[in-house]
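Student: Following this message is one structure expressed as structure tokens.
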Amino acid sequence: MTAAPDTGDGIGGLILDTSALVTAARGSLHMQALFSLSHARVIPLLAPATCVADAAAGLHPHGREALTAILRFPLVTLAALDEHQATGSGILRSAHSPAGTTEGHVAYLAAARRWPVITADPGPLRRLYPDIEIETLP
């Protein structure tokens, strides 16, 4: 697990994609270690709203309860898909069709913040943003 890069404002963080959120909600030891490290080093974690929606759709009720608990973790921030992000991710997706809204949102946030993404499937993100920094889940 790598430390988050400095984005120039002194604050770095990590972006949790759908697979990271699902893996965490299912009790992954790797994700538990990531949350411990985040807490110890005060590393912000960003959960894109599109990823939260997709994760909730793919989890059973117990997993959705765990997802809710994860989103309440003090260092986790929900990244809403606001007008600016929706437009930016749409433009990014238009150049790399076909691409989903969720992947576009994650890639856009990674490009804008220069934060690594925690994911089990880096392929779609790399197609949208080749310079994306990825930490692949085991």
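Student: State whether one or more residues within region 100-111 are among the hydroxyl-bearing types (Ser, Thr, Tyr) and surrounded by fewer than 18 Cβ atoms within 10 Å (Cβ to Cβ).
Tutor: The first filter runs over region 100-111 and keeps only residues among the hydroxyl-bearing types (Ser, Thr, Tyr), leaving 101-102, 108.
When the remaining residues are screened for being surrounded by fewer than 18 Cβ atoms within 10 Å (Cβ to Cβ), the result is 101.
Yes, because at least one residue in region 100-111 is among the hydroxyl-bearing types (Ser, Thr, Tyr) and surrounded by fewer than 18 Cβ atoms within 10 Å (Cβ to Cβ).
Quick grid of which residues meet (1) within 15 Å of the chain's Cα centre (by Cα); (2) under 15 Å from Ser19 (Cβ atoms); (3) without any contact (Cβ under 8 Å) to a residue 24 or more places away in the chain:
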position: Gln32; (1), (2), (3): no, no, yes
position: Phe35; (1), (2), (3): yes, no, no
position: Pro48; (1), (2), (3): yes, yes, no
position: Ser89; (1), (2), (3): yes, no, yes
position: Ser94; (1), (2), (3): no, no, yes
position: Val106; (1), (2), (3): yes, yes, no
position: Pro116; (1), (2), (3): yes, yes, no
position: Ile134; (1), (2), (3): yes, yes, yes
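Student: Can you pull out the residues in region 27-53 that are open to solvent by 20 Å² or more (accessible area, probe 1.4 Å), within 20 Å of Pro138 (Cα to Cα) and either assigned to a helix (DSSP H, G or I) or modelled with pLDDT under 95 (or both)?
Tutor: Leu29, His30, Gln32, Ala33, Phe35, Ser36, Leu37
Student: Looking only at region 92-131, count every residue that is assigned to a loop (DSSP other than H, G, I, E, B) and more than 15 Å from Cys51 (Cβ to Cβ) and tell me the total. Please lay out each step first, then the result.
Tutor: Going through region 92-131, the residues assigned to a loop (DSSP other than H, G, I, E, B) turn out to be 95-100, 114-116, 120-122, 129-131.
Going one step further and asking which of them are more than 15 Å from Cys51 (Cβ to Cβ), we end up with 95-98, 114, 129-131.
Number satisfying all stated conditions: 8.
Student: So for region 53-69 (the condition being in contact (Cβ under 8 Å) with a residue 24 or more places away in the chain, touching a strand residue (DSSP E or B) at 6+ places or on another chain (Cβ under 7 Å) and under 12 Å from Leu16 (Cα atoms)), does at least one residue qualify?
Tutor: No, region 53-69 contains no residue that is in contact (Cβ under 8 Å) with a residue 24 or more places away in the chain, touching a strand residue (DSSP E or B) at 6+ places or on another chain (Cβ under 7 Å) and under 12 Å from Leu16 (Cα atoms).
Student: Scan region 58-69 and give yes if some residue there is surrounded by 14 or more Cβ atoms within 10 Å (Cβ to Cβ) and among the hydroxyl-bearing types (Ser, Thr, Tyr), otherwise no.
Tutor: Keep residues of region 58-69 that are surrounded by 14 or more Cβ atoms within 10 Å (Cβ to Cβ), which gives 58-59, 63-64, 66-67.
Add one more test, that the residue is among the hydroxyl-bearing types (Ser, Thr, Tyr), and what stays is none.
No, every residue in region 58-69 fails to be surrounded by 14 or more Cβ atoms within 10 Å (Cβ to Cβ) and among the hydroxyl-bearing types (Ser, Thr, Tyr).
Student: I've got another one for you. Of all the residues that make up region 70-91, how many are in a helix (DSSP H, G or I) and open to solvent by 60 Å² or more (accessible area, probe 1.4 Å)? Full working, then the answer.
Tutor: Restricting attention to region 70-91, the residues satisfying the condition of being in a helix (DSSP H, G or I) are 70-71, 83-91.
Then keep just the ones that are open to solvent by 60 Å² or more (accessible area, probe 1.4 Å); that gives 83-84, 87, 91.
Residues that pass the stated criteria total 4.
Student: Can you tell me which residues in region 74-84 are touching a Leu at 6+ places or on another chain (Cβ under 7 Å) and not β-branched (Val, Ile, Thr)?
Tutor: Leu75, Leu78, Ala79, listed by residue number.
The values are calculated or read from the model by the stated rules, or taken from the named source; none is laboratory data. This is a predicted model, so every value here is computed, not measured. All Cβ positions, even for glycine, are placed from backbone atoms using ideal geometry, and neighbour counts span all protein chains on display. For the accessible areas, the whole protein counts, side chains as well, though only heavy atoms, and no ligand, DNA or RNA atoms are used. Shrake-Rupley method; radii C 1.70, N 1.55, O 1.52, S 1.80 Å.
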